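Quick notes on the structure that follows.
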Amino acid sequence: MLNISVANQPLADNELMAAIDIGSNSFHLAIARLDHGEVRKVTSMSEKVQLAAGLDENNILNAAAERRGLECLSRFVARLDSVPPERIRIVATNALRQAKNAEDFIKRANAILPKPIEIIAGREEARLIHLGVSHTNASSDKRLVMDIGGGSTEFIIGKGFEPLLTESLQMGCVAFTKKFFADGQITEKAFANAIAAARKEMLAINGQYQKTGWNSVIGSSGTIKAVRNVLVSKGWSDEQERITYKGVRKLEDLLITIGDVNDIELEGVKDHRKAVFPAGVAVLRAAMKVLGIDTIAYSDGALREGVMYDMLGRFASEDVRDRSVLALNKRYSVDKKQARQVVRTSRHLFKQVKDELQLTSDDADLLRRAAYLHEIGLAISHNNYHRHSAYLLENSDIPGFSQVDQKRMSQLMLSHRRKLKSDMLEQICLIGGNQLIYLCLLLRLAVLAHHSRSEYELPDMHLVVTDTNCWQITVSTDKKHYAFLFSDLEAEIEQFAKWGIKLTVIEAQAQAQAE
């Protein structure tokens, strides 16, 4: 059994934490304190930015949308003075997943923010939404959770805090507004087209979801909240103030009668939501029809609450990322003993140079997880297995990891063996800066040290960095089971030089004799 968790300092009661959700329709900030293990919201802000509305037909984010987003984040940052950066997480969803020039926005935003933005995959977004809902509305039932966002809609079947199925479909209130209600007119034809498009998306998941089944349905976020408020005010909800399918049908008819988004005057629909409200109702009706849902309860917990509870798990050594690493190792039948050896050596080398290279605890976690996973590609083929490992890590849905995390691990996979290429440096720097370059080289040395896969104790290895570009490794050669280690390390001198690092290899015995 692999045990890969690392002890962290748990969060104490009354300590503050924060989450920013960069959504396709709205940006949200939540600041909370820990109260006996529960997240208690202290303050929150929400602004309609409509990032997804700034995407053109080629998925290029326009300057106006970028400006709205950056101005909003600047206002959020002004509220974060009392929260240490290590207790802040900033996640971005569908709009930045789709934007081809997302890096431009992220670079400018990261210059403002105290913590880098994490673009999360659709299924990771679904997992975090479920976490937020299940902590806010505790239940032991098997539940279906639905969250209609600006660019995508997430569907999760879960029991307790554990998700069983997670899906993210490309249908949201902003995206569907652009497609079907762009002129602001609410017509029967526009509704029919929007519902048909949503039903087509839903059919892809219907079979599996029906087979898994659920006992109750709960919805979260702005669209479902607004629909519920309207139905309650009109008396179209049930006695428990839940959304009903009949009520949604009546709301659709009412919106068609109103005819124009500018004329929507309904209790519970804020001014900033009017333009995207009909599209949200169309998505909701299609989902309820296809899945056969009669009633939906509302949860105030959603993505940002899930992000904070996920952060709590990381502080309490219950990091879902470590569970994901274990699952990947099991799925791809990784050699556990070899993985442990490489992890141990990479950690040993990391500790020796972390201060000189200005490496952080987050860097240590990234290196450790990559060391455990570096051989998963062997399940596909021994030839060029590092490339297979890289592909799997960049393209799989891995709970707990952002897209940037996965790209960084992928680069670690690509660089841990065979020849280094000088033209890779720019890409690696873009993804993870100089720190990622250093981690690639540390993993490379650790894997090389165990190339023989010997069960015997590794010779002493001492790594010194006199300058970030000058590395010196001293290794003893008195152990016959590692007879080729010194020559293997010497062969790395040429490879390190391609990345601008001068590597010096010293034989410990020869040094002792000279003295």
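What number of residues within the range 148-163 satisfy the criterion of being part of a strand (DSSP E or B) and closer than 30 Å to D56 by Cβ?
4
Identify all residues within the range 35-66 that are closer than 27 Å to M308 by Cα and charged (D, E, K, R); write none if there are none.
D35, E38, R40, K41, E47, K48, E66, listed by residue number.
For the range 68-147, which helices (runs of 4 or more DSSP H) that fit wholly inside it have 3 or more residues that are over 20 Å from L55 (Cβ atoms) and either at pLDDT 95 or above or touching a helix residue (DSSP H, G or I) at 6+ places or on another chain (Cβ under 6 Å) (or both)? Break it down stepwise before answering.
Details: elements: 94-98, 102-110, 122-136.
Fully inside the range 68-147 and qualifying: 122-136.
For the range 494-507, name all the residues that are farther than 12 Å from I437 by Cα and surrounded by fewer than 14 Cβ atoms within 10 Å (Cβ to Cβ).
E494, A497, K502
Look through R417, R444 and report the one residue that is of a type outside the set (G, A, S), buried (at least 16 other Cβ atoms within 10 Å of the Cβ), within 28 Å of the chain's Cα centre (by Cα) and in a loop (DSSP other than H, G, I, E, B). Lay out the reasoning, then the answer.
Details: R444 fails: in a loop (DSSP other than H, G, I, E, B).
After applying the criteria, what remains is R417.
Condition first: out of contact with any strand residue (DSSP E or B) (no Cβ under 8 Å at 6 or more places or on another chain) and surrounded by fewer than 15 Cβ atoms within 10 Å (Cβ to Cβ). Now tell me which residues in the range 138-169 satisfy that.
From the range 138-169, those out of contact with any strand residue (DSSP E or B) (no Cβ under 8 Å at 6 or more places or on another chain) are 138, 149, 151, 160-162; that's our starting set.
Once the filter is applied, which keeps residues that are out of contact with any strand residue (DSSP E or B) (no Cβ under 8 Å at 6 or more places or on another chain) and surrounded by fewer than 15 Cβ atoms within 10 Å (Cβ to Cβ), the range 138-169 yields A138, G160, F161, E162.
In the set V320, V325, V290, which member is at pLDDT 95 or above and either over 21 Å from L439 (Cα atoms) or under 17 Å from the mean Cα position of the chain (by Cα) (or both)?
Working: V320 fails: at pLDDT 95 or above; V325 fails: at pLDDT 95 or above.
Just one listed residue meets the conditions, V290.
Hey, does the range 185-200 have a residue that's in a loop (DSSP other than H, G, I, E, B), within 24 Å of the chain's Cα centre (by Cα), in contact (Cβ under 8 Å) with a residue 24 or more places away in the chain and over 15 Å from M288 (Cα atoms)? Lay out the reasoning, then the answer.
Filtering the range 185-200 for residues in a loop (DSSP other than H, G, I, E, B) gives 186-187.
Retained after the next criterion (residues that are within 24 Å of the chain's Cα centre (by Cα)): none.
The answer is no; no qualifying residue exists.
The values are calculated or read from the model by the stated rules, or taken from the named source; none is laboratory data. It should be emphasised that the depicted structure is a prediction, and the values quoted were computed from it without experimental measurement. Methodologically, a virtual Cβ is constructed for each residue, glycine included, from the backbone with ideal geometry; neighbour enumeration extends over all protein chains shown.
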